[in-house]
Ligand code: GLA
């Protein structure tokens with residue numbers, strides 16, 4: 001059984017294959033956290049010592065004059081403002097008077113078969129055996145009900161957490177802060193690993209010691225953001241890729257968030273993750289309920305590569321849905337870097353002809369096919385075809401492309417509106433902007449008010465009509481600015497608008513993906529500005545970054561790989577010199593890097609040499625051969641491209657029969673030394689053959705002492721070697 005409850009000791013133990021999570025209802029009805037880590041079989045209560053910590057760590061009234069009991073020092077499951085815990089708390093509830101004071105006590109619990117779901121929000125699901133623990137807590141004074149939800153996915157060592165809050169009281173209350181998870185650690189020196197960045201350079205890796213004080217990352221942009229990804233890792237300070245205690249947390253939400261790491265006065269560490277408390281205030285009237293988005297947790301004592309594997313499996317099996325979930329994705333060519341806004345039906349057909357010749361399977365018509373859009377200053381919101389520009393209808397174009405043997409896809413940006421559009425002219429009140437104040441523009445566009453169901457309904461009809469009239473096999477859903485002015489004319493309380501906006505986005509995604517189940521959906525936000533589990537619940541792949549430079553991509557995809565599998569990471573071969581960096585890399589290296597993801601091309605095929613065309617033909621064939629391994633295999637990072645001069649990784653299939661080693665030289669020098677790389681994930685008792693030169697090596701040798709790679713020179717050369725078990 002995954003979830004055990006010991007009624008005598010009032011201890012809950014949540015067990016996955018390799019981990020245990022434990023908590024206890026104490027004699028005062030407080031829910032204390034006891035343990036999260038490698039599997040254990042006993043109560044961890046003995047770890048809690050009680051002694052007088054002075055009046056500055058106060059004592060709840062219920063404990064009488066027992067000065068040894070203070071919630072300022074005890075590890076808790078869901079600390080709240082008002083109990084004398086002066087660390088950051090998970091819940092702050094405000095009453096009309098401005099008073100913020102809450103005191104939650106255990107009321108009951110339920111253990112349910114199956115994994116809970118959350119109304120209107122994405123959350124992990126499980127068709128296999130999974131269990132849910134629901135713990136009911138109550139604040140009697142306000143008549144506030146809080147249900148903590150724990151989902152246990154045993155197979156990939158995942159524990160999920162969420163919270164439901166219900167106002168059963170007579171007065172309106174306001175949730176001013178809510179974290180979906182709190183993890184308290186009694187002792188230990190931890191590092192926190194976060195993934196920071198900017199547009200076109202997402203998910204760089206930052207590792208820092210958790211020290212006294214608070215370390216926070218998050219977003220207040222209304223999107224999860226390029227700047228900080230909502231996936232974080234806490235590790236013991238000595239942990240490496242292959243060794244040590246690691247905890248990962250991923251927020252299944254695509255809007256603003258907050259992750260906090262705090263080392264307190266007694267050297268204890270608290271971790272909290274959830275919605276951003278800035279620009280958030282959720283009004284709950286009598287009878288209203290609120291759901292906090294889910295956080296997915298995993299622990300391993302075997303290092304970072306293993307932690308990543310847990311998240312990769314979880315995303316592939318319990319987050320991504322739909323027809324393409326486990327399917328090999330078609331190799332695509334995207335028109336954006338091929339021709340930007342400069343195309344018509346004829347030139348697109350030419351691109352399709354060239355693509356078909358090279359074995360490419362899907363043509364994606366990116367931005368510029370609708371309204372009167374010839375640059376990025378107009379027409380967002382006008383989702384009807386620009387027949388004048390195309391010289392034909394979209395259905396006709398799609399038919400022509402299909403006749404050439406290619407699938408056909410389009411780009412949309414449903415959450416946005418250009419001021420120069422028919423939609424804006426007829427519905428200016430459908431945008432997020434503050435009355436009496438000019439809004440902030442981003443890419444010269446405004447944000448539609450997705451917290452208003454009327455807007456969501458309009459967009460559903462508008463996008464559906466395009467998808468109904470034309471054979472469309474793929475849709476790229478983009479979102480190209482941050483939200484600045486949070487005011488909805490349809491809302492009577494503005495504090496909840498950003499949250500309701502996200503619910504609106506999710507509801508449209510749910511309805512469209514449900515209505516058009518055969519379409520392959522890819523999401524995007526200026527590349528990886530909304531690269532999170534929330535979006536992955538609706539779209540099984542995300543455009544990783546607007547930066548397609550192979551060398552930068554090695555680093556971006558390295559950072560991405562900590563929390564997300566290759567199958568969801570959109571990655572394309574583009575032109576040289578690269579459009580973002582001006583760097584020239586050879587076609588092989590561009591292919592090697594792009595193949596480590598949902599693969600495609602994004603360049604003008606009319607402008608490339610015969611030699612490059614031949615390389616593309618070869619790459620597409622190689623990709624087809626390797627795609628099952630790349631999309632389903634176990635991925636191991638073998639270098640740190642932010643420090644090392646190479647990017648190196650290996651993907652090994654479940655049975656350890658095939659392994660693809662990829663190495664990219666991030667720098668070239670004269671007279672290069674040999675590079676030795678220790679492989680991972682192989683069977684240490686078996687031999688492996690290098691399929692290029694047929695040489696055979698023992699798995700243990702390749703992993704213990706390594707494999708030598710030598711290149712002479714070239715434009716950032718790379719090596720891809722497939723090993724097969726013999
Ligand atoms: C964003 C996307 C690009 C492209 C453009 C089109 O920047 O990330 O891939 O679709 O929009 O305007």
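Read the figures in this text as sums done on the coordinates, not as results from a lab. Only a predicted model underlies this, so the values are computations on that prediction, with no experimental measurement involved. FYI the Cβ positions are ideal-geometry reconstructions off the backbone, even for glycines, and counts take in every protein chain you see.
Summary of computed values
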item	result
Surface/4 estimate of mean projected area, convex hull on alpha-carbon atoms of the chain, nm²	32.1
Shape call, the stretch 158-202: gyration tensor on alpha carbons, a/c limit 1.5	oblate
Bins of 10 Å from zero: percent of alpha-carbon pairs in the stretch 460-608	10, 33, 31, 20, 5, 1
FRET efficiency, residue 468 to residue 387 (Cβ-Cβ, R0 22 Å, nearest 0.05)	0.85
Sum of -39500 (n - 2.57) over DSSP H runs of 4+, divided by residues of the chain (222 nm, nearest 500)	-5500 deg cm²/dmol
Global form of the stretch 475-515, assessed from the alpha-carbon gyration tensor, a/c cut-off 1.5	oblate
Length gained when the stretch residue 136-residue 110 is fully extended (0.36 nm per residue, less Cα-Cα span)	8.5 nm
9, 361 arranged by Cβ crowding within 10 Å, fewest neighbours leading	9, 361
Radius of gyration and Dmax over the Cα atoms of the stretch 646-725, both given in Å	12.8, 40
The stretch 525-592-the stretch 447-477 distance, computed between alpha-carbon centres (Å)	26
Order of 434, 475 under a 10 Å beta carbon neighbour criterion, fewest first	434, 475
Cα shape, the stretch 3-319, gyration tensor, a/c 1.5 rule	rounded
Ranked list, fewest to most other Cβ atoms within 10 Å of each Cβ, for 202, 245	245, 202
